[in-house]
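What follows is a short report on a single structure.
The values are calculated or read from the model by the stated rules, or taken from the named source; none is laboratory data. All figures in this text were calculated on a predicted structure; none of them were measured in a lab. Glycine gets a Cβ as well: all are built from the backbone with ideal geometry, and neighbour counts include every protein chain shown.
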Amino acid sequence: MTQNSPTDSRVAWVGLDQSYSGFGIAELNSNGDSATDLWKFPPTGEDGQRLGAIYVRLVTLFMQFQETYDEVHVAMEGYAMGRTFNREKLGELGGVVKLAHNTVFGTDPLVVPPTSLKKFITGKGNASKKEIVKAVQDRWDSSVKNDNVADAYGLACYIKEQKSATI
């Protein structure tokens, strides 16, 4: 990683696409570097145990970001309102993300509605997962193959654009 001069602010923009099937994470930074990851959390028999493992991993990640960067901006995907499949479990998972973020940074992450994220990435609010992956590959990172990682990458780009516009 490139070292900045002491007067340069080191900034990270992080996107999280929380899901039990594949937790997508994307990090962009002010050096122009990017990184992506896909976490898997197999069922453990107890929901609380699984959520606890996710919480610990998120707090650890957020603390690493806090130690590495002067500023860290995190965006997470919001809930797909109107969906009925596993919405309670997804709500619990979103709550764990917010709790971990608040534990480390003292604030909530930016929550981006799925339709807003899709529109930002593809230009239309009802894009399919396949269209999102292709748009991320074409616009930002051709190595992204997973839809959870593509959403996370789009979220990192979204928050970077939002925070850059407020400067």
field: Checking Lys129 against (1) of a type in the set (D, E, K, R); (2) closer than 16 Å to Ser21 by Cβ; (3) out of contact with any helix residue (DSSP H, G or I) (no Cβ under 7 Å at 6 or more places or on another chain), the condition it does not meet
entry: (3)
- line: When restricted to Ile121, Ile159, Ile132, the only residue under 18 Å from Asn29 (Cα atoms) and of a type in the set (A, V, I, L, M) is Ile159
statement: Pairs returned, first residue in region 104-121 that is buried (at least 18 other Cβ atoms within 10 Å of the Cβ), second residue that is part of a loop (DSSP other than H, G, I, E, B) and hydrophobic (A, V, I, L, M, F, W, C), beta-carbon separation under 8 angstrom, 6 or more apart or interchain, are Pro114/Ala80; Lys118/Ala127; Ile121/Ala127
- line: Apart from one, (1) in a loop (DSSP other than H, G, I, E, B); (2) within 27 Å of Trp140 (Cα to Cα); (3) at pLDDT 95 or above all hold for Val72; the odd one out is (1)
task: Inspect all residues belonging to region 56-63 and state whether any of them is surrounded by fewer than 18 Cβ atoms within 10 Å (Cβ to Cβ), closer than 18 Å to Tyr20 by Cα and without any contact (Cβ under 8 Å) to a residue 40 or more places away in the chain.
output: yes
